[in-house]
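The values are calculated or read from the model by the stated rules, or taken from the named source; none is laboratory data. Just so you know, these numbers come straight off a predicted model, no measurement behind them. Virtual Cβ from ideal backbone geometry, glycine too; neighbours counted across all protein chains shown. Surface accessibility is based on the protein's heavy atoms, side chains included, excluding ligands, DNA and RNA. Shrake-Rupley method; radii C 1.70, N 1.55, O 1.52, S 1.80 Å.
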Amino acid sequence: MSIETSRIIVRGHGGPEVLELESVRLPPPGENEVRVRHTAIGLNFIDIYFRTGLYSAPGGLPVTPGQEAAGVVEAVGSGVQGLEVGQRVAYCGSLGAYSQHRNVPASVLVPVPDSIGDDIAASVMLKGITAEYLLRRTYRVEKGETILFHAAAGGVGSIACQWAKRLGARVIGTVGSEDKVEFARQCGCDEVLLHTDPDLASKVKALSGGKGVPVVYDGIGNSTFLRSLDCLRPRGLMVSFGNASGAVEAFNLGLLAQKGSLYVTRPAIATYTSSREELIEAAKAVFEMIASGAVGLAPPRSFPLVSAGEAQAMLEGGKTTGTTILKP
């Protein structure tokens, strides 16, 4: 049967004020769909990209933002196997999470183990799987290597830096302000620099024996991209996985040759979870790292769903550390 529920809707691109709460009638789940009652919703920079129009929603406007959440299965559509009413689940990469209830493709849902609470599950699906593929598949970090990870105190960075440390890497992290330095150290960074430092490249080179690092993970984007290239050793890999400061502008490919025959990649989570097998394996690895204590997470900062605009403004302004969730 259909139910009455609430969701955030964006009818026009703009600032946080365009996020509106509305009541809607949700139909029963269709074939291969599951109705999920959300208990926690993850907050991510990609939500802001859809709000501002940097990314276009597949179906255009209006759109409900949100890419990850955790909750409980309330109804199961025809053709669904392996999921049942009352089961705890989580997902990422399915647009529309800013809602109390929604119908979700069964293919994106993963079971949440008893060792992981809903708030943590909702806050690590997108960010945790991103950390997993960055460190294990985009560039496989090896013991003894020195790496550079931008925004080390952020949602992805706070997970990835701990994970990299567990892999045996020496981690140079960057943050946007001095008040985030200690938190970044708590997240596994051996050295912490400001990503706004004009001497960033020379300091990274000094910390890496004058050679530069084999890989830079950069979710900041436009403001750090070119300086990140200067932090790499010859034939190093620049992993540009986010646009917190705006999309990377066009640049002369000849720079890659001039700076040491460098490589650049722009990965996306959809590519690394394109099969259900990859999704389940990645989520399992994330949950195991958390359950083992290798990746420690403080309780996420929480905002009510109706205050999604305030939460996004805090994230956009660089005023958050760790993970943040919305509570329906």
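Computed from point charges on the beta carbon alone (+1 for Lys and Arg, -1 for Asp and Glu), the dipole magnitude for the stretch 1-92 about its Cα centre is near 40 Debye. Working from Cα pairs under 8 Å separated by at least six residues, relative contact order for the stretch 110-247 is 19 percent.
Residue by residue, what Karplus-based ³J(HN,Hα) values in Hz, rounded to whole numbers, does the stretch 225-234 have, using 6.51, -1.76 and 1.60 with θ = phi - 60° and x for Gly and Pro? After applying 6.51 cos²θ - 1.76 cosθ + 1.60, I find 4, 5, 5, 5, 4, 6, 8, 8, 7, x Hz. Once the C-beta distance of S2 and A294 is scaled by a Förster radius of 45 Å, the resulting FRET efficiency is 0.55 to the nearest 0.05.
Taking a straight Cα-Cα cut-off under 12 Å and skipping sequence neighbours fewer than 8 places away in the same chain, the aspartates and glutamates within cross-link reach of K327 are D118, D119. What the stretch 173-328 shows is 47 Å² of accessible area per residue, with the surface traced by a 1.4 Å probe over protein heavy atoms.
Using the 1.4 Å probe convention, the accessible area of the stretch 62-135 works out to 29 Å² per residue with neighbouring protein chains retained. When you filter the trypsin sites (Lys or Arg not before Pro) in the stretch 70-145 for DSSP loop state and at most 16 other Cβ atoms inside 10 Å of their Cβ, you are left with R140, K143. Of all DSSP beta bridges confined to the chain, the antiparallel ones make up roughly 60%. Positive-end ranking of Q312, S275, F287 along the dipole of the stretch 268-328, with charges on Cβ about the Cα centre, is headed by Q312. Just the protein heavy atoms count here, and of the accessible area of the chain at 1.4 Å, carbon and sulfur take up 51 percent.
Applying the criteria of a DSSP loop state and at most 11 other Cβ atoms within 10 Å to the chymotrypsin sites (Phe, Trp or Tyr not before Pro) of the stretch 41-103 yields no site.
If you build a Gaussian network model of the chain, linking Cα atoms that sit under 10 Å apart, which residue out of M314, M238, M125 swings the most? Sorting by GNM fluctuation, first place goes to M314.
Of the GluC sites (Glu not before Pro) in the stretch 1-92, the ones in a loop by DSSP (not H, G, I, E or B) with at most 14 other beta carbons within 10 Å are E31, E84. Taking each of K180/K284; K143/K259; K127/K284 in turn, the alpha-carbon distance tops 24 angstrom for K180/K284; K143/K259.
Here the Karplus curve 6.51 cos²θ - 1.76 cosθ + 1.60, taken at θ = phi - 60°, turns the phi angles of the stretch 2-18 into couplings of 7, 9, 8, 8, 10, 8, 8, 10, 10, 9, x, 5, x, x, x, 5, 7 Hz, with x standing for Gly and Pro. Would you mind pulling out the separation of the Cα centroids of the stretch 301-328 and the stretch 133-171, in Å? About 25 Å separates the Cα centre of the stretch 301-328 from the one of the stretch 133-171. Can you spot the aspartates and glutamates whose alpha carbon is less than 15 Å from K165's alpha carbon? Ignore those fewer than 8 places along the same chain. Partners found: E132, E142, E145, D190, E191. What FRET efficiency comes out for the pair R37/R137, r = Cβ-Cβ distance, R0 = 35 Å, nearest 0.05? After rounding, the FRET efficiency stands at 0.60.
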